[in-house]
Amino acid sequence: MDTRIIKLNIKKEISNIGNSASAADTMLAGQSLTANQTLVSKGGKFELGFFTPGNSQKYYVGIWFKKVATIQKKKTIVWVANRNKPITTNDSSSSELKLLENGHLVLLVSTKSNYSSRVSVWSTDSTTSKTMNDSSVKAVLSEAGNLVLTSSSNGNIIWQSFDHPTHAYIPGAKFGYNNVTKKSDKLSAWKNSEDPSEGIYSLELGHSGSIDFTWNHSLEYYTSGVWNGYYFSDLA
């Protein structure tokens, strides 16, 4: 894969005039991305921004391979933030992905009743239990395809997209089973090529280490069997 650095001149919308524009792969607290703006990883491998799948009239925020496309020149999407809460065409021009001063990354859209009023349809606050109040936070799109929120004051990772996979697994991402919460990470297929919301097929890691495929979120139709340290029992 061609990994030459792509230099892009991306204009950032800055809500807080006191903040200067960040680098192409970084968003600082108070800054935002609109429908025609993106973040690009330093090596130019991944890009984050708004997209419309196929001929759909709905908008989503996602991460895709910058240089890899299908024969039809469609984006190869690897992660979708608001997969179950799309933005309509009417809302797209006033929508923004914003890093708030409290450290949360939110996707804001205008309400139908009040164009100047915006509501959140997705946020990192809804996918993490960590209490955040860090104006020094920054969002960086890594060359591995991971969107990472870190505290500039101590370097700690506050949130990352690798901990919240949607439909695709890429090297380095998290995929496991939590023995405390009894929940596993899950990959869910798109409903169709123009609708990234959760479809009826999913893949997850079982508590015994098996890889399980389920239909309609409940019926298991394939399992790899238990991992014994060398191979999966049902694949031997």
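Determine if the range 202-221 includes at least one residue that is under 22 Å from residue 106 (Cα atoms), surrounded by 15 or more Cβ atoms within 10 Å (Cβ to Cβ) and not aromatic (Phe, Trp, Tyr).
no
Being basic (Lys, Arg) and closer than 18 Å to residue 53 by Cβ is true for just one of 191, 174, 182, 186. Which residue is that?
Step by step, each of 191, 174, 182, 186 is checked, and only 191 is basic (Lys, Arg) and closer than 18 Å to residue 53 by Cβ.
In the range 132-185, what residues are of a type in the set (A, V, I, L, M) and touching a residue at least 24 places away in the same chain (Cβ under 8 Å)?
Of everything in the range 132-185, those that are of a type in the set (A, V, I, L, M) and touching a residue at least 24 places away in the same chain (Cβ under 8 Å) turn out to be 132, 137, 139, 140, 141, 144, 147, 149, 158, 168, 170, 173.
Inspect all residues belonging to the range 18-39 and state whether any of them is modelled with pLDDT under 65, surrounded by 15 or more Cβ atoms within 10 Å (Cβ to Cβ) and closer than 22 Å to residue 105 by Cβ.
The answer is yes, given that some residue of the range 18-39 is modelled with pLDDT under 65, surrounded by 15 or more Cβ atoms within 10 Å (Cβ to Cβ) and closer than 22 Å to residue 105 by Cβ.
Consider only pairs whose beta carbons are under 9 Å apart and that are at least six residues apart or on different chains; among these, list those whose first residue lies in the range 42-53 and is outside the structural domain of residue 147 (by TED's automatic domain parsing) and aromatic (Phe, Trp, Tyr) and whose second residue is surrounded by fewer than 21 Cβ atoms within 10 Å (Cβ to Cβ) and part of a loop (DSSP other than H, G, I, E, B).
none
Determine whether residue 68 is assigned to a strand (DSSP E or B) and modelled with pLDDT of 85 or more.
no
Name the residue, out of 135, 116, that is more than 20 Å from residue 35 (Cβ to Cβ), modelled with pLDDT under 75, out of contact with any helix residue (DSSP H, G or I) (no Cβ under 9 Å at 6 or more places or on another chain) and in the same structural domain as residue 36 (by TED's automatic domain parsing).
Only one candidate passes the filter, namely 135.
So residue 158 fits all but one of (1) in the same structural domain as residue 39 (by TED's automatic domain parsing); (2) in a loop (DSSP other than H, G, I, E, B); (3) at pLDDT 90 or above; what number is the exception?
The failed condition is (2).
What single numbered condition from (1) assigned by TED's automatic domain parsing to the domain that holds residue 141; (2) touching a Pro at 6+ places or on another chain (Cβ under 6 Å); (3) not basic (Lys, Arg) fails to hold for residue 190?
Going through (1) assigned by TED's automatic domain parsing to the domain that holds residue 141; (2) touching a Pro at 6+ places or on another chain (Cβ under 6 Å); (3) not basic (Lys, Arg) one by one, residue 190 breaks only (1).
Under the condition of being within 15 Å of residue 193 (Cα to Cα), touching a residue at least 40 places away in the same chain (Cβ under 8 Å) and surrounded by fewer than 20 Cβ atoms within 10 Å (Cβ to Cβ), which residue from the range 59-85 is nearest to the chain's Cα centre (by Cα)?
Selected residue: 77.
Inspect the range 213-230 for any residue being of a type in the set (A, V, I, L, M), touching a helix residue (DSSP H, G or I) at 6+ places or on another chain (Cβ under 7 Å) and farther than 30 Å from residue 58 by Cβ and give the result as yes or no.
yes
The values are calculated or read from the model by the stated rules, or taken from the named source; none is laboratory data. What you see is a predicted model, and the numbers here were worked out from it, not measured in a lab. Ideal geometry is used to build each Cβ from the backbone, glycine not excepted, and the neighbour counts take in all protein chains shown.
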